[in-house]
1. With unit charges on the beta carbons (Lys and Arg positive, Asp and Glu negative) and the dipole taken about the Cα centre of the stretch 1-149, which residue among Val10, Pro49, Phe136 sits farthest to the positive side?
2. Rank Phe58, Phe142, Phe191 by mean-square fluctuation in a GNM of the chain with C-alpha springs under 10 angstrom and give only the top-ranked residue.
3. Give me the net charge of Pro172's neighbourhood, meaning all other residues with Cβ under 13 Å from the Cβ of Pro172; Lys, Arg count +1, Asp, Glu -1.
4. Sketch the reach of a paramagnetic label on Arg115 as a point 7 Å from Cα along Cα-to-Cβ, and name the residues of the stretch 1-40 whose backbone nitrogen lies under 18 Å away.
5. Using the Cα centre as the reference, give the magnitude of the dipole from point charges on the C-beta atoms of the chain (Lys, Arg: +1; Asp, Glu: -1; all else neutral), rounded to the nearest 20 debye.
6. When only C-alpha pairs under 8 Å and at least 6 residues apart count, what is the relative contact order of the chain, in percent?
7. Relative to 2.2 N^0.38 Å, what does the C-alpha radius of gyration of the stretch 142-262 come to as a ratio? Two decimals please.
8. Taking Cα atoms, how many degrees apart are the long axis of helix 130-143 and the longest axis of the chain, rounded to 10 and kept between 0 and 90?
Amino acid sequence: MIVFPNIDPVALNLGPVAIHWYGIAYIVGIGLGWLLLKWRAKRVGGWSPDGVADVVFFAAIGGVLGGRIGYALFYNFADYAAAPWQIFAVWRGGMSFHGGVVGFIIALALFARLRFRDILTTTDFVVPAVPIGLFFGRIANFVNQELWGAPTDLPWAVVFTHPAAGAIARHPSQLYEALFEGIFLFIILWFVACRSSSTGVVSATFLIGYGIIRAGIEFVREPDRHIGYLADGWVTMGQVLSVPMVAVGIFILLFVRSQRSA
C-alpha cells in the first residue's frame, strides 16, 4: 500500500487569498481545451478564433453552473432546499459532473441558437476537448483527498490521511477516473472525430463512453456518506445518473442511423 503524500490542497497563498489546486485544475483544463479547439478549428473549418473563444466561454459557464446546481439537486437537496442561498457558496465545494453535462448541453444549445448553428455539430466540435478538464479535475480530487475509493488490499492501494478516510487502504478511484475518463476517453473521442463524418456520432460516443466508464468505476468508489448505496446496497447515485447519459447517446446513434438510411 501507499501512504498519501503530504500535498497541500492550497497551491499558493497571496495574503488573505488562497489559490487551491482545484481552481488551477479548472483554469488549466479550460485553457488547454481552448487551445486544442483552436487547432481543431483549423482542421475542420467553419470556426473563427472568436467563435471558438465564445463557444468555450458558453461551455465553461454552463458546465460550472450546471455542476453546482446538479450537486444541489442530486446529492444534497434537503440542505439546499432548507437554505437555497448556500448554492452560491462555491468555496464550500460540491460539484456534480452529471449536472455539469446538463448545463454544458443547455449552454451549447443556446450558443447554437444564437449563432444559427446545428446543436449536434456544435457539440461534436467541443466534446473531444472535455476529457482534458476531466483529467485535471480528477487529479485535483486526489490532491484534495475527496471522492476516494472503497477499501482494498491491492498493492497500489492508498491510505488517505484525511480523518474521514479512516486510515485504511483504499482504491485511488480518482486516479482511475483520471486515466479512463480523461486519457482513455480523450483517445476514443479523437479517434472517432477523425474517422466519422456523421453528425452526432462524436457526441453520442462521449455520452455512452463516459456513462459506461463512470458506472464501472463507481463499483470501486466510496459513495457519498450522506447518500450511501441505493437499491439493495450496491447501486450508487453516480450509476443512476449515468444511465440517462448512455440512453441519450444510444438514441442519438439510432437517430443518425435513421437519417442516413432515409
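Every number here is computed from the coordinates shown, using simple stated rules; none is lab data. For clarity, every value in this text was computed on a predicted model and none was experimentally measured. Neighbour counts run over all protein chains shown; Cβ positions are idealised from the backbone, glycine included.
1. With unit charges placed on the Cβ atoms, the residue in question is Pro49.
2. Phe191
3. Details: positive: Arg138, Arg170, Arg221; negative: Glu146, Glu177, Glu222.
Cβ neighbours under 13 Å give a net charge of 0.
4. In the stretch 1-40, the label zone of Arg115 (backbone N under 18 Å from the point 7 Å along Cα→Cβ) covers 30-40.
5. Working: 17 positive and 14 negative charges, 182 e Å.
Its charge dipole is roughly 880 debye.
6. Numbers: 371 pairs, mean separation 49.9, N = 262.
The value is 19 percent.
7. On the way: Rg = 17.5 Å, N = 121, 2.2 N^0.38 = 13.6 Å.
Taking the Cα Rg and dividing by 2.2 N^0.38 Å, one obtains 1.28.
8. 10 degrees
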